[in-house]
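Engineer: Here you go, one structure.
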Amino acid sequence: MTPAPAHHWLRPPADGSPARFAYGADYNPEQWPREVWKEDVRLMREAGVTIVSVAIFSWARLQPAEDRWDFEWLDEVLDLLHSNGITVDLATATASPPPWLTTLHPEILPVTRTGETLAQGARQHWRPTSPVFREYALRLVEAMATRYADHPALVAWHISNELGCHNIYDYSDDAARYFRDWLRTRYGTLDGLNHAWATSFWSQRYGDWDEIQPPRLAASHANPTQQLDFKRFSSDALKDYLRAERDVLRRLTPAIPVTTNFMVMGGTKGMSYPDWAEEIDFVSNDHYAHPGPQRLDELSFSAGLTHSIAGGRPWFLMEHSTSAVNWQTVNLAKREGELARDSLVHVAHGADAVCFFQWRQSAAGAEKYHSAMVPHAGPDSEVFRAVTALGRTLEALTPVVGSVREPARAALVYDWESWWAVERDSQPSSLLDYRQEALDWYSAFLSLGVRVDVVTTSADLTGYDFVAAPLLHVVPRALAGRLEAFVRGGGHLATTYYSGVVDENDHVHLGGYPGALRELLGIRVEEFGPLQEGVEVRLDNGLTGGLWTDRIEVTDPEATVLARYGSGDQAGRPAITRRVPAGGGSAAYVSTRLGGEGLSEVLGSLLSGAGVLSELPAEVRGRVELTVRTDGVHAYWFLVNRTDGPVACGTVAGQLMTGHQEAAEEGLVLPPRGVAVLRVATGASPFGPRVPGTAPVE
Ligand code: GLA
């Protein structure tokens, strides 16, 4: 089913022409003298910029003292942008409190787990639960909304900035108070809490709510459910703050849509974005590429997950980089073609806006070596030429705006609670890496050329033929029931080691692992067999496992062994199993870490068994990522060259919409790191008839 697009933020042009991709950046004119502003707007027009995010870090400038306000400069900036046809995503400016505020009220500063108070002097130094911070911040939001409610440039509100990037976990006394309230709401009674937290262990029983604290630095491992609840609470506390700003904006400017920029799979996993998404009018995301062999896979994975979090509706890429960032160990410049390809991968996954941090590279300050649309070298630069070329490409893709991603037949489940749970202390192995395992599965799908939707545990799985749920550790009974129903209905499930083990309170499902999924998988594990770092085991199918093994016993006659361990402590025992119950579905279990390459072999045969096939010609699978967007009439096939060489795709049908390809006699050739978008009728394929079952995955 194709969800309806929601275009709150793409105000259609007044002249009746179709809505275009939003294109632009964070714009920080307060860092520059006025003369530069004039050049900025001229260059923005040259680059095809349609929108900028303004005033993100402007609090100290807008309110230089508690009782002084200065909006004139911002009035001028907004007027200038508007008169040049550039729209504004206006920040509420609350991201970073000014020094006068932290001096007057040091009690707004966050406190770390080890009891240190964070100082002013960087950014985002505020407690999500501070009533004092909230009062000052909401006063600013109110002032912004009142002043700019009717400004013609204003098309969206940008709440704060990357909420939680630096302050998601605060262990202050404010946090302690709000944590207790949150726990009261969750558990109702202390008995309920004592049960959930299993406080009979280590003499932790609570007799009064006021005895409860955040999991501050303690003598040994803090209570694991307390830790998990503190993560849930911290996400909710910041969400509550988001709502407070949003409510002011909705009261004063009900017609202006509200967003805040997420960091899906970014530096912190603290914010449960699937829960946040419904609080705002449209989802925005910031993404920065991580150098390494899975750079592009991770980018695509994150974009796909953002698409799901956005409920399948078009979303807004609020920030990415034109080239290097400034905060990695070594900050690599993007190579030729990467600026456009990175952007278009987001577009392929449903973004209708492509924005960067930032418009003009700062001459000073902590981010002066972070790239921008206008680099230090000025507009006579490769980066600015690539920026203007991308502006033209996006214009050529205008018909794609408003279309939505066509659902895939396979899904990959990404679960925040499991992510939180497996990476805490006191696990069978401290080497567990939730994100990496999920990413390896995603890489395996990409290498097979099979489209996959990244979904969260709340997604309706019934439309999928195949669901991979790696490291799905936290499985409440209800979720286990949904997975059972999925398989009963003919769906094919694959999961991995350390899945199904605990319920929502982090209590083990007793009777043997994989706990809640034991019967569905038809296996029983008495003991985990984690491996020391660097230790590998051979499987009898030629693959190599690492990180983990399980002592598996097959308990159900409907389950078969797909591969056995050939070495290590579990030699001769099952390594990969699959249960095929009557009814047509199946449930497979992979008990070791195979990595992207190993997984692609296993996944290839599981997908074949499920009848899920690649829609790409065999010779380009793995080298080209395919994503399809549709508006119900046309389908837009995004073909992304994942390699550094040209890829010949053969003869294709349909209309070529981008300049990122070469027409050659033998058909479509994608240049190194190039992207082609082909328009065909919805339901058709540029590669010939789309008949499922004709081209098995190899
Ligand atoms: C984040 C922030 C920006 C900037 C960039 C740099 O995304 O929102 O203000 O610091 O990182 O990559």
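Engineer: Going by average Cβ density within 10 Å per residue, which order do the peptides 360-366, 502-508 take, highest to lowest?
Structural biologist: Descending mean neighbour count gives 502-508, 360-366.
Engineer: Tell me, Cys355, Cys165 in order of fewest to most beta-carbon neighbours within 10 Å?
Structural biologist: Numbers: Cys355 29, Cys165 19.
By the 10 Å Cβ count, ascending, the order reads Cys165, Cys355.
Engineer: Restricting to region 8-398, what percent of DSSP beta bridges are antiparallel, rounded to 5? Working shown, then result.
Structural biologist: Values: 2 of 29 bridges.
DSSP beta bridges in region 8-398 are roughly 5 percent antiparallel.
Engineer: Where Lys and Arg each count +1 and Asp and Glu each count -1, what net charge lies around His320 among other residues with Cβ under 14 Å from its Cβ? Walk me through the numbers before you get to the answer.
Structural biologist: On the way: positive: Arg295, Lys334, Arg341; negative: Asp26, Glu162, Asp286, Glu298, Glu319, Glu338, Asp342.
Around His320, the charge tally is -4.
Engineer: Tell me the relative contact order for region 410-610 as a rounded percent, counting alpha carbon contacts under 8 Å between residues six or more apart.
Structural biologist: Values: 445 pairs, mean separation 42.3, N = 201.
Computed over region 410-610, the figure is 21 percent.
Engineer: For region 126-165 and region 192-228, what is the separation of their Cα centres, given in Å?
Structural biologist: Spelled out, the Cα-based centre of one part sits 35 Å from the other.
Engineer: Follow-up. Near Lys334, which lysines are there with a Cα under 24 Å away, not counting those fewer than 8 places off in the same chain?
Structural biologist: Partners found: Lys368.
Engineer: Here's a follow-up. Relative contact order of the chain: what whole-number percent is it, with Cα pairs under 8 angstrom and at least 6 residues apart? Working shown, then result.
Structural biologist: Details: 1463 pairs, mean separation 72.6, N = 698.
Rounded, it is 10 percent for the chain.
Engineer: For region 476-516, what does the equivalent ellipsoid look like in terms of its semi-axes, each the square root of 5 times an eigenvalue of the Cα gyration tensor, given largest first in whole Å?
Structural biologist: Working: eigenvalues 76, 26, 12 Å².
Its equivalent ellipsoid spans semi-axes of 19, 11, 8 Å.
Engineer: Another question, if that's okay. Can you give the charge dipole size of region 8-398 about its Cα centre, rounded to the nearest 20 debye, using +1 on the beta carbon of Lys and Arg and -1 on the beta carbon of Asp and Glu?
Structural biologist: Taking the Cα centre of region 8-398 as origin, the dipole is about 580 debye.
Engineer: Sticking with this structure for a sec: Please report the base-10 log of the normalised intensity I(q)/I(0) for region 8-398, using a Debye sum with one equal scatterer per alpha carbon and no solvent, at each q in 0.06, 0.07, 0.14 (1/Å).
Structural biologist: Here log10 of I(q) over I(0) equals -0.25, -0.34, -1.25.
Engineer: Give the Debye-formula value of log10 I(q)/I(0) at each listed q (0.17, 0.22, 0.27 Å⁻¹), with one equal scatterer per alpha carbon of region 294-377, two decimals each.
Structural biologist: Debye intensities relative to I(0), on a log10 scale: -0.72, -1.06, -1.31.
Engineer: In straight Cα distance, which lysines are under 30 Å from Lys231, not counting same-chain residues fewer than 8 positions off?
Structural biologist: Within reach: Lys239, Lys269.
Engineer: State the three equivalent ellipsoid semi-axes of region 2-111, derived from the C-alpha gyration tensor as the square roots of 5 times its eigenvalues, in descending order and whole Å. Walk me through the numbers before you get to the answer.
Structural biologist: On the way: eigenvalues 197, 76, 25 Å².
Largest first, region 2-111 gives 31, 19, 11 Å.
Engineer: When a/c reaches 1.5 or more, the comparison of a/b and b/c decides; with that in mind, is region 506-610 rounded, prolate or oblate per its Cα gyration tensor?
Structural biologist: In terms of gyration-tensor shape, oblate.
Engineer: May I ask you to derive the relative contact order of region 134-259, considering only C-alpha pairs under 8 Å and at least 6 residues apart, and to give it as an integer percent? Kindly include the intermediate steps, with their values, before the conclusion.
Structural biologist: Details: 91 pairs, mean separation 57.5, N = 126.
This gives 46 percent for region 134-259.
Engineer: Right, something else. Can you give the calculated 222 nm mean residue ellipticity of the chain, where each DSSP H run of n ≥ 4 adds -39,500 (n - 2.57) and the sum is split over every residue, rounded to the nearest 500 deg cm²/dmol?
Structural biologist: -9000 deg cm²/dmol
Engineer: Further question on the same structure: Taking only the alpha carbons of the chain, what extent do you get along each of the three principal axes, in Å, biggest first?
Structural biologist: Principal-axis extents of the Cα atoms in the chain, largest first: 78, 76, 41 Å.
Engineer: Okay, moving on. Using the 10 angstrom Cβ neighbour count as an exposure proxy, how do Asp79, Asp281 rank, fewest first?
Structural biologist: Ascending number of Cβ neighbours within 10 Å: Asp79, Asp281.
Engineer: Taking only the Cα atoms of region 618-681, how large is their convex hull per residue, in Å³?
Structural biologist: Here the figure is 77 Å³ per residue.
Engineer: Now for a different question. Quick one: order Met263, Met144 by neighbouring beta-carbon count within 10 Å, fewest to most.
Structural biologist: So the ranking, lowest neighbour count to highest, is Met263, Met144.
Engineer: About its Cα centre, what dipole magnitude does the chain give when the only charges are +1 on Lys and Arg Cβ and -1 on Asp and Glu Cβ, stated in debye to the nearest 20?
Structural biologist: On the way: 61 positive and 87 negative charges, 137 e Å.
Around 660 debye, computed over the chain.
Just so you know, all these numbers are worked out from the coordinates, no wet-lab data involved. Since the structure is predicted, the reported quantities are computational estimates derived from the model, not experimental observations. As a convention, Cβ positions derive from the backbone with ideal geometry for all residues, glycine included, and neighbour counts pool all protein chains shown.
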